[in-house]
Amino acid sequence: MMKKREFDLVVWGASGFTGHLVTEYLARTYGTGGDLRWAIAGRNREKLEQVREECLPRSRRKELAVLIADSTDPKSIAKLAAQTRVVCSTVGPYAKYGTPLVAACAAEGVDYCDLTGEVQWMARVIPDYQGTAEASGARIVHTCGFDSIPFDIGTWYLQQAMMKRHGVYASHVKTRVGHTRGGASGGTIASMLNMLDEMKHDPSIREVVEDPYALNPLGAAAGPDGPDQGNARFDPDFGQWTSPFVMAAINTRVVRRSHALLGFPWGKGFRYDEAVLNRSRAMATVNAVGTGAGMMALALGPARKLAAQVLPAPGDGPSRRQRENGSWEVFFHGVHPTDRTLDLRLKVTGDMDPGYGSTSKMLGEAAVCLALDEPATGGGFWTPATALGGQLQQRLANNAGLEFEFVDPA
């Protein structure tokens, strides 16, 4: 049984751009002094108090505690973890700053969620701390932002519906990104640049990143999926040309890990892939070439340095108006294993920009789900779908501006 803690939830890195948005969302949605006992934390008290002032009316500010810790000081991180039942971390790149907090939460039996999309880091920390988390009961859930909650929960939700309607699971889920409005996250860019730097110093990391089943549990069987799409392709099920989706390198690994953690209910031959829908062959070709050229350029040291200067930096982000004017849609096409007339298609949409507005709400709800809802699993490293499943899907639909709608696949 978990120890009695002072707080249900602590937002770590609340003075950063995304941490500020998560704090603002929790304050607006759950308030203070109620059922959710929460606090904000970071290194700089003055900045944290400013966040508190901006997110809460004067009469409620003292109800939100401010905690101080430093990720370079293991004792302060351990003390922070010991005060709460859940830590929600917004501090990346996680490969640089995240491991001490994960280690502390695993040791203390504290549930944890974050925004990482760093496959190489997850592939390191999962085997390093899985046994500790299992023993302590800590549920560690990575990828709780746009990468990879919509894709992981969307696939799981589609499969549940396929079984309920037709008595079988889809043998193949084709995920296609439609309309999106919103810029790239500075934190995501920083994580990508850090991963490329790691590859430069350790070439074996490339093998991990390129492995379609890099996040599957140790010893779990691989499946038929190969490399992510790298060119323009026509998709007959959607009747549209498609181009590579840069986040597929993260999301596909997470979905495949979910399938493995669930015990392969969708079949050992289950296939999953992602791509972006385009209006024409020409557009798909241009986008495919641009995506490939961009990644190749970033692999070069001089280009990485230039990118770090001109691309959004961690802590930078769009204005409130830009976030609120943003939106996104993702389609999930489930292929019936024997009768294609029974294929199923799910449309998932978000009402703000994916990288910040929608991501901060998804992360906030994942953290609250860990803190308040009945646990569906024991300790260990889980995915959003396997740890939180239907509880999180309901919270996203009720509170976070996500809609889940089945549409005609024809």
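Each value in this text was obtained by applying a stated rule to the coordinates, not by laboratory testing. Keep in mind the model is a prediction, meaning the values are calculated, not measured. Heads up, the Cβs are rebuilt from the backbone with ideal geometry, glycines too, and the neighbour counts pull from every protein chain shown.
Of ALA41, ILE140, PRO224, which is farthest along the charge dipole of the chain in the positive direction, counting Lys and Arg as +1 and Asp and Glu as -1 at C-beta?
Checked the options; the winner is ALA41.
So what's the angle, to the nearest 10 degrees on a 0 to 90 scale, between helix 186-201 and the longest Cα principal axis of the chain?
80
Run through all the Cα pairs of the range 42-100 and give the fraction in each 5 Å bin from 0, expressed as whole percent.
Result returned by the calculation: 4, 16, 24, 24, 19, 10, 4, 1.
Which lysines have a Cα less than 26 Å from the Cα of LYS174, not counting those fewer than 8 places away in the same chain?
LYS164, LYS268, LYS347, LYS361
Which listed residue (VAL168, VAL91, GLY378) has the Cα farthest towards the positive end of the charge dipole for the chain, taking +1 on Lys and Arg C-beta and -1 on Asp and Glu C-beta about the Cα centre?
VAL91
If each residue's Cβ is checked for other Cβ atoms within 10 Å, how do ILE77, ILE250, ILE126 rank with the fewest at the top?
On the way: ILE77 23, ILE250 27, ILE126 19.
So the residues, fewest neighbours to most, are ILE126, ILE77, ILE250.
Go from 0 up to the bin containing the longest alpha carbon distance in the range 7-75, width 5 Å each, and give me the % of pairs per bin.
Result, from short to long distances: 3, 19, 33, 26, 13, 5, 2 percent.
At most 13 other Cβ atoms within 10 Å plus a DSSP loop assignment makes a site exposed; report the longest stretch of the chain without any exposed trypsin sites (Lys or Arg not before Pro).
Details: sites that count: LYS3, LYS4, LYS268, ARG279.
By the stated rule (loop sites, at most 13 other Cβ atoms within 10 Å), 5-267.
Based on other C-beta atoms within 10 Å, arrange MET247, MET352 from fewest to most.
Values: MET247 19, MET352 25.
Going from sparsest to densest Cβ surroundings: MET247, MET352.
In square nanometres, what is one fourth of the surface area of the convex hull spanned by the alpha carbons of the chain?
Numbers: hull surface 77.3 nm².
Here the figure is 19.3 nm², rounded to one decimal.
Looking at PHE332, TYR157, ALA366, which one has the Cα that reaches farthest to the positive end of the dipole of the chain (charges on Cβ: Lys, Arg +1; Asp, Glu -1)?
So the residue we want is ALA366.
Measuring from a point 7 Å past the Cα of ARG165 along Cα-to-C-beta, which residues in the range 221-238 have an amide N at less than 18 Å?
It comes to 237-238, nothing else.
Can you sort VAL102, VAL246, VAL286, VAL330 from fewest to most other Cβ atoms within 10 Å of each residue's own Cβ?
Details: VAL102 29, VAL246 18, VAL286 14, VAL330 24.
Exposure proxy ranking, most exposed first: VAL286, VAL246, VAL330, VAL102.
How large is the dipole of the range 22-125 about the Cα centre if only Lys and Arg carry +1 and Asp and Glu carry -1, each at its Cβ, rounded to the nearest 20 debye? Let's see the in-between values first.
Values: 15 positive and 13 negative charges, 51 e Å.
So the magnitude is around 240 debye.
Determine the dipole magnitude for the chain: charges of +1 sit on the beta-carbon of Lys and Arg, -1 on that of Asp and Glu, nothing else is charged, the reference point is the Cα centre, and the result goes in debye to the nearest 20.
That gives the chain a dipole magnitude of about 440 debye.
For the chain, set up a GNM with springs between Cα atoms under 10 Å and report which of THR143, THR175, THR29 has the largest fluctuation.
THR29
Please report the spacing between the Cα centers of the range 386-410 and the range 1-65 in Å, no decimals.
Using only Cα atoms to place each centre, the spacing works out to 26 Å.
Please state, to two decimals, what the Cα-based radius of gyration of the range 308-410 comes to when divided by 2.2 N^0.38 Å (N = residues). Provide the component values of the computation, followed by the final result.
On the way: Rg = 17.0 Å, N = 103, 2.2 N^0.38 = 12.8 Å.
Scaled against compact globular proteins, the figure is 1.32.
As I understand it, the value is the acute angle between the Cα axis of helix 99-108 and the longest principal axis of the Cα atoms of the chain; what does it come to in degrees, rounded to 10?
It works out to around 70 degrees.
Helix 389-399: angle to the longest alpha-carbon principal axis of the chain, degrees 0 to 90, nearest 10?
Helix 389-399 sits roughly 70 degrees off the main axis of the chain.
Can you give the calculated 222 nm mean residue ellipticity of the chain, where each DSSP H run of n ≥ 4 adds -39,500 (n - 2.57) and the sum is split over every residue, rounded to the nearest 500 deg cm²/dmol? Mind showing how you got there, number by number?
Values: 16 runs with 184 residues, N = 410.
Helices in the chain give a 222 nm mean residue ellipticity of -14000 deg cm²/dmol.
For the residue pair GLU49 and SER280, what label-to-label distance in nm results when each label sits 7 Å from Cα along the Cα-to-beta-carbon direction?
So the two model labels end up 5.9 nm from each other.
For the range 134-274, report the convex hull volume of the alpha-carbon atoms normalised per residue, in Å³, without decimals. Don't jump to the answer; show the numbers that get you there.
On the way: hull volume 22.3 nm³, N = 141.
Taking the convex hull of the Cα positions in the range 134-274, it is 158 Å³ per residue.
Determine the relative contact order of the chain: mean sequence separation of Cα pairs under 8 Å and six or more apart, normalised by residue count, in whole percent. The partial results should precede the final answer.
Values: 839 pairs, mean separation 86.7, N = 410.
With pairs under 8 Å counted, the relative contact order is 21 percent.
What shape does the range 195-275 have by the C-alpha gyration tensor, where a ≥ b ≥ c are the square roots of the eigenvalues, rounded means a/c under 1.5, and otherwise prolate means a/b greater than b/c and oblate the rest? Please list the in-between numbers first.
Numbers: a/c = 2.61, a/b = 1.11, b/c = 2.36.
Note, shape of the range 195-275 comes out oblate.
Distance in nm between label sites at GLU374 and TYR97, each 7 Å beyond Cα in the beta-carbon direction?
If labels sit at GLU374 and TYR97, their model points lie 3.8 nm apart.
How high is the FRET efficiency between PHE406 and LEU218 when r is their beta carbon distance and R₀ equals 41 Å, given to the nearest 0.05?
Details: r = 36 Å, r/R0 = 0.88.
According to the calculation, E is roughly 0.70.
As a test of understanding, state the convex hull volume per residue of the range 1-150 from its alpha carbons, in Å³. Write out the running numbers ahead of the final one.
Details: hull volume 16.4 nm³, N = 150.
Convex hull of Cα atoms, per residue: 110 Å³.
Which whole-angstrom value gives the distance between the alpha carbon centres of the range 262-290 and the range 135-179?
15
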